Amino acid sequence: MSDSNHEPNADLNQQSNTDDNSQSISSAASESCDQQSASSIAQKSPLPDAGDMLFIFLASLTLFMLPNFLFGDGSTGWHIVTGMHILDTGSIPHTDILTSSHADRPWVAYQWLTDVIMALLVKAGGLNLLAVACSVTISSLFLMLYDRMRRDGVPVFPSLFFVVVGSLLSAMHFLARPHLLNFWGVYLFSTKLEDFHRGRIDFKWLCIWLIPTMILWSNMHPAFALGIGITGIYFLSALLGSFFNQDRQAANKCFQELKPLLLLIIALCAVTLINPYGIELHQYIYAYLKTKTAIVSQTDEFQSPAFHGDLHSICLEILFMAILVGLFRSAKNISLPRFLTVVAFAHMALQAKRNMPLFAIVSLPAIGELLGHIRYFGNLQSANQNALQKLIARVHKSFNDFEAQELQCKMHAVPILFSLFLVAAAFMGGSIAGNEILNSGFNPKDKPMKTLDYVMKNNLDPANGFNYDNWGGYLRYKTGKRVFMDDRADFFPEPFYLEYASVSRAFPGYEKVFEKYHLYWAIMPSNSLLGAELAKNPDWKLVAEDKASKLFVNEKLKPAIK
């Protein structure tokens, strides 16, 4: 009787063990994949990963496929001129060195360090080397964003998709200008503060990262206050968490963050004074922000994005949607300070198009945290599988194997070698072994090249010529002489800008501005209102034109030679 009772129990236990084993096999497969992914991070391989391919694509796009893309803004010219002036004179300017109309006006060259670096690059390897430096700066940033999403658990293809979307959104500001360093400042502050908040780095390493970054940032771009603002968001979140978090342990953790974050904010504010202008830098920026002119607010990049099928707006919508989906699926995986940072930069992006790249930089790591914890395929293993389920399981395993192998390829040897190749090509004049590799520079389709040749050959003084404001820096760089004006909207007083607007739009009475400033020639875009008006005036003669511009001269207004 005991034997007969034992055998059914044995069978039942055996069946139970079989079910348990089946479940354990399924969970073991998932755990094995996670362990393989974790161990693969430590075992790095020199083989390229998808991020390396993205690096090559972005660098090739800005250097080979669109070689003039980085120089789409004429302002690059006055940055180079300012850097050259500092290198040649050994002094940082405190008054305007670019225009004749405001030669003695006080000026704070708040991007002086970036200007010097740009000038050094041009001296060493011309515009090609400057283009390589800017391209590598851009490509490296998005490679880092891709790596961060992968470390947070997002699979290869979703990571690649979102980073490509972010790069397309940011492409509007892929220009050889100091704001590229601003991108890196926002990235370092937003990611390192989050690492500190999650306990990945201690306060010592947070300071080692952020304080030197702030010293450089405050000498390279006027938006360094964003770093202090992001730190302030983390401090505010810690303050709220210490008072309102119902979890006592979490509230205590927030309370412990208050003192170091407050000390960090004080230190960051203090080191911003390490600049050639001292407190004058802050006063200059504050005065500009306080008295932002109507001209600035009407500038295209300061306006809100228009959601009417524009590529940049579509990319912005995709990132918004990804964040919303992530919040719906796993809102607990994003920290309060990171969420508030994303909200703050989303507001900035909706307020002005120029801030959309910054939103991409802070939102991509947030998307990584939100989507990295989602089980994309779920549990595909079971005891009894039909043919379709087995096929899907094999595909799933192949993807898992690919994911694990791709995580090993984080040495980024290919981007490093490719960058060195580009630098060597730039130093050799853009050619290697007689083959042209690089040909970056200003685009003749949107810059006045033939007309500028006429200006220089006929000794037309740029100080006596009315020019399109965005070309001012380009004219200053090419001619080596002061120009009437450029596009530093923060520098010129509003009445002067209104005079410029009245002339460029050919408002009644615009001739008086020519007389006031002794202007006897004008160089404007081919389709400008002023050009159309001057073409009707017999006193103005069209002396040169190209794809981008038309040059008019009025000999009657030419100043008498003394």
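Taken together, the values in this text are just the output of simple stated rules run on the coordinates, not laboratory data. Please read these numbers as outputs of a predicted model, since none were measured by experiment. Cβ placement follows ideal geometry from the backbone for every residue including glycine, while neighbour counts extend to all protein chains displayed.
Which pairs in the list K445/K550; K447/K556; K353/K547 are over 22 Å apart, alpha-carbon to alpha-carbon? Going by Cα-Cα distance, K447/K556; K353/K547 fall outside the 22 Å limit.
Mind giving me the FRET efficiency for A124 and F307? R0 is 56 Å, r the Cβ-Cβ distance, nearest 0.05 is fine. If you can, show how the numbers build up before the last one.
Details: r = 43 Å, r/R0 = 0.77.
Approximately 0.80, to the nearest 0.05.
Of the residues H518, G125, L240, the one whose Cα sits farthest toward the positive end of the charge dipole of the chain, with +1 on the Cβ of Lys and Arg and -1 on the Cβ of Asp and Glu, is H518. For the chain, the longest principal axis of the C-alpha atoms and the axis of helix 2-42 are separated by about 20°.
Its DSSP H runs of at least 4 residues, each contributing -39,500 (n - 2.57), put the calculated 222 nm mean residue ellipticity of the chain at -20500 deg cm²/dmol, to the nearest 500.
Each of the peptides 342-353, 196-207, 81-92 was scored by the mean count of other Cβ atoms within 10 Å over its residues; in descending order, highest first, they stand as 342-353, 81-92, 196-207. If only the Cβ of Lys and Arg carry +1 and only the Cβ of Asp and Glu carry -1, the dipole of the range 450-557 around its Cα centre is close to 300 debye.
Report, in degrees rounded to the nearest 10, the 0 to 90 angle that the Cα long axis of helix 50-60 makes with the longest principal axis of the chain. The angle comes out near 10 degrees. Contact order for the chain, expressed relative to its length and based on alpha carbon pairs under 8 Å spaced 6+ residues apart, stands at 22 percent.
Length gained on full extension, R200 to A433, computed as 0.36 nm times the residue gap minus the Cα-Cα distance: 79.1 nm. Shown here: the range 450-557, whose C-alpha atoms stretch 32, 31, 25 Å along the first, second and third principal axes, sorted largest to smallest.
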